[in-house]
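J.: What follows is a single structure, and I will ask about it in a moment.
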Amino acid sequence: MENFEYLNPTRIVFGKGTIARVAELIPKDTPLLMTYGGGSIKRNGVYDQTIAALEGFEVVEFGGIEPNPRYETLMKAAELGNERNARFLLSVGGGSVLDGTKFIAAAMRFPEGDPWDILTKNAPITDAVPLGGILTLPATGSESNGNAVISRDSTHEKLAFYSEKVYPQFAVLDPETTFTLPPRQTANGVIDSYIHVMEQYMTYPVNAPLQDRQAEGILLTLIEEGPKVMANPNDYDVRANIMWTATQALNGLISCGVPQDWSTHMIGHELTALFGLDHAQTLAVVHPAMLRHQRKQKGQKLLQYAQRVWGITEGSDDERIDAAIEKTEAFFRSLDVKTRLNEYGITDGYQEAAKRIGARGKILGERGDIGPAEIEAILGLCAA
């Protein structure tokens with residue numbers, strides 16, 4: 001196991017009726033900028049619960065943050081926040097709203113120049129407006145980490161950043177807020193969480209048995225609960241299990257002391273930017289292809305995964321690896337999510353993703369051995 005530091009200052013408030021507690025989590029007499037998405041919180045009652053809980057606070061609202069939060073929109077929110085002297089940001093919605101709010105928090109305190117430099121030039125974030133969140137869509141794990149992914153319309157880019165300064169101070173997780181999610185968003189959340197775990201687990205052994213077992217436990221829970229939540233969307237216990245599992249998938253714990261990959265996400269981001277596919281849809285397409293391409297490099301972990309997660313113990317090494325990848329792909333399909341580019345009508349142009357990543361000088365994979373040629377080969381398997 002490698003050396004590591006673990007930081008997670010987010011306070012999690014979990015369970016029924018917890019939105020009512022949000023006022024006790026924000027410093028008194030603090031002007032707020034409340035951010036949200038396309039308006040679903042006004043249809044499902046979350047908006048009304050939040051406004052009731054914030055009685056007595058000065059609240060400025062900013063709605064319309066997109067599922068892939070756009071720089072252009074977020075800069076408008078940052079300008080509004082500074083105009084109204086907001087000293088705390090409250091994200092109400094899914095992980096995209098929270099990702100966007102993290103960027104707003106950094107942009108409001110960015111000293112000079114273009115805050116987009118945070119994503120393209122690794123400009124340091126030295127300060128950010130404090131923030132918290134009320135989560136309504138379990139998927140990204142953004143409620144308990146310092147990560148965010150932001151898109152820019154003008155350049156068709158989708159890029160990620162990390163900073164300790166944008167960890168949420170708290171996250172309110174009420175599983176009942178997820179009852180009204182459409183099946184597509186529910187399935188996407190399960191797959192996003194699953195791939196988060198795989199990016200931290202499916203690398204090579206480093207004598208980290210606890211992290212491996214924790215990761216496998218999350219995967220097994222998603223495999224068990226995923227079909228249940230699709231069949232019974234109003235089952236509180238299932239929704240609660242999914243919500244907590246999504247948080248655990250990317251709160252930094254299972255990544256302690258282990259190598260990480262993230263090639264599936266980086267390639268997937270480009271496909272979203274190029275073709276507008278949902279984030280999780282790209283992950284379901286890319287991940288099986290990436291495993292097939294990287295089967296030798298990831299062989300030891302693939303065999304462990306085959307046995308411990310899928311119970312595959314018979315056959316040659318190659319046969320067990322094939323079976324594990326097929327089981328993974330079948331799981332995604334059981335959630336009614338496609339796993340091939342041509343199923344989305346994409347038969348050409350996907351090679352551009354490899355060129356874009358290469359143009360940034362990015363080499364992907366836990367061993368730093370996935371360059372443009374390898375990415376193009378993986379994309380070819382996505383299309384097969």
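The values are calculated or read from the model by the stated rules, or taken from the named source; none is laboratory data. Owing to the predicted nature of the structure, the values given are computational and were not obtained by experimental measurement. Positions of Cβ are backbone-derived with ideal geometry, glycine not excepted, and every protein chain shown enters the neighbour counts.
J.: Can you find a residue that is assigned to a loop (DSSP other than H, G, I, E, B), at positive phi and in contact with a His (Cβ under 9 Å, 6 or more places away or on another chain) anywhere in segment 156-163? First the steps, then the outcome.
T.: Step one: of segment 156-163, the residues assigned to a loop (DSSP other than H, G, I, E, B) are 156, 163.
Cutting the leftovers down to at positive phi gives us 156.
Remaining after also requiring in contact with a His (Cβ under 9 Å, 6 or more places away or on another chain): none.
No, because not a single residue in segment 156-163 is assigned to a loop (DSSP other than H, G, I, E, B), at positive phi and in contact with a His (Cβ under 9 Å, 6 or more places away or on another chain).
J.: Are there any pairs, at least 6 apart or on different chains, whose C-beta atoms fall under 8 Å, with the first in segment 305-324 and on the phi > 0 side of the Ramachandran plot and not assigned by TED's automatic domain parsing to the domain that holds Glu199 and the second surrounded by fewer than 12 Cβ atoms within 10 Å (Cβ to Cβ) and outside any helix (DSSP H, G or I), and if so, which?
T.: Listed by first residue and then by second, the contacts come to nothing, as the list is empty.
J.: Here's a follow-up. Being part of a helix (DSSP H, G or I), over 15 Å from the mean Cα position of the chain (by Cα) and in contact (Cβ under 8 Å) with a residue 40 or more places away in the chain: is that true of Asp192 here? Break it down stepwise before answering.
T.: On the way: part of a helix (DSSP H, G or I): yes; over 15 Å from the mean Cα position of the chain (by Cα): no; in contact (Cβ under 8 Å) with a residue 40 or more places away in the chain: yes.
Here the answer is no, as Asp192 does not meet what is asked.
J.: Right, another one. Residue by residue through segment 101-134, note down the ones that are among the small types (Gly, Ala, Ser) and in contact with a strand residue (DSSP E or B) (Cβ under 7 Å, 6 or more places away or on another chain).
T.: Narrowing segment 101-134 to residues among the small types (Gly, Ala, Ser): 105-107, 113, 123, 128, 132-133.
Listed by number, the residues that qualify are Ala105, Gly132, Gly133.
J.: Return the residue satisfying two criteria in turn: it lies in segment 39-56 and is touching a strand residue (DSSP E or B) at 6+ places or on another chain (Cβ under 9 Å) and either part of a loop (DSSP other than H, G, I, E, B) or charged (D, E, K, R) (or both), and of such residues it is modelled with the lowest pLDDT.
T.: Applying the filter and picking the extreme gives Asn44.
J.: Please work out if Ile150 is in a strand (DSSP E or B), surrounded by 17 or more Cβ atoms within 10 Å (Cβ to Cβ) and not assigned by TED's automatic domain parsing to the domain that holds Arg239.
T.: Numbers: in a strand (DSSP E or B): yes; surrounded by 17 or more Cβ atoms within 10 Å (Cβ to Cβ): yes; not assigned by TED's automatic domain parsing to the domain that holds Arg239: yes.
It is true that Ile150 is in a strand (DSSP E or B), surrounded by 17 or more Cβ atoms within 10 Å (Cβ to Cβ) and not assigned by TED's automatic domain parsing to the domain that holds Arg239.
J.: Right, here's the next one. Looking at the structure I just gave you, is Ile363 under 24 Å from the mean Cα position of the chain (by Cα) and buried (at least 21 other Cβ atoms within 10 Å of the Cβ)?
T.: Details: under 24 Å from the mean Cα position of the chain (by Cα): yes; buried (at least 21 other Cβ atoms within 10 Å of the Cβ): no.
For Ile363, the condition - under 24 Å from the mean Cα position of the chain (by Cα) and buried (at least 21 other Cβ atoms within 10 Å of the Cβ) - is not met.
J.: Would you check if Leu25 is under 25 Å from the mean Cα position of the chain (by Cα), surrounded by fewer than 20 Cβ atoms within 10 Å (Cβ to Cβ) and in the same structural domain as Ser91 (by TED's automatic domain parsing)? If you could, list the steps in order and put the result at the bottom.
T.: On the way: under 25 Å from the mean Cα position of the chain (by Cα): yes; surrounded by fewer than 20 Cβ atoms within 10 Å (Cβ to Cβ): yes; in the same structural domain as Ser91 (by TED's automatic domain parsing): yes.
Yes; evaluated as a whole, the condition is true for this residue.
J.: So, in segment 255-281, how many residues would count as being of a type in the set (Val, Ile, Thr) and more than 15 Å from the chain's Cα centre (by Cα)?
T.: Within segment 255-281, the subset of a type in the set (Val, Ile, Thr) is 258, 264, 267, 272.
Retained after the next criterion (residues that are more than 15 Å from the chain's Cα centre (by Cα)): 258.
Counting residues in segment 255-281 that are of a type in the set (Val, Ile, Thr) and more than 15 Å from the chain's Cα centre (by Cα) gives 1.
J.: Something else now. Name every residue in segment 342-363 that is assigned to a helix (DSSP H, G or I), touching a residue at least 60 places away in the same chain (Cβ under 8 Å) and of a type outside the set (Gly, Ala, Ser), in order of residue number.
T.: The answer is Tyr344, Glu352, Arg356, Ile357.
J.: While we're here: Restricted to segment 218-257, and to residues that are part of a helix (DSSP H, G or I) and of a type in the set (Val, Ile, Thr), which residue is surrounded by the fewest Cβ atoms within 10 Å (Cβ to Cβ)?
T.: At the first step, the residues of segment 218-257 found to be part of a helix (DSSP H, G or I) are 218-231, 236-249.
With the extra rule that they be of a type in the set (Val, Ile, Thr), the set shrinks to 218, 221, 223, 229, 238, 242, 245, 247.
Working: Ile218: 25, Thr221: 19, Ile223: 17, Val229: 25, Val238: 21, Ile242: 24, Thr245: 25, Thr247: 22.
My answer is Ile223.
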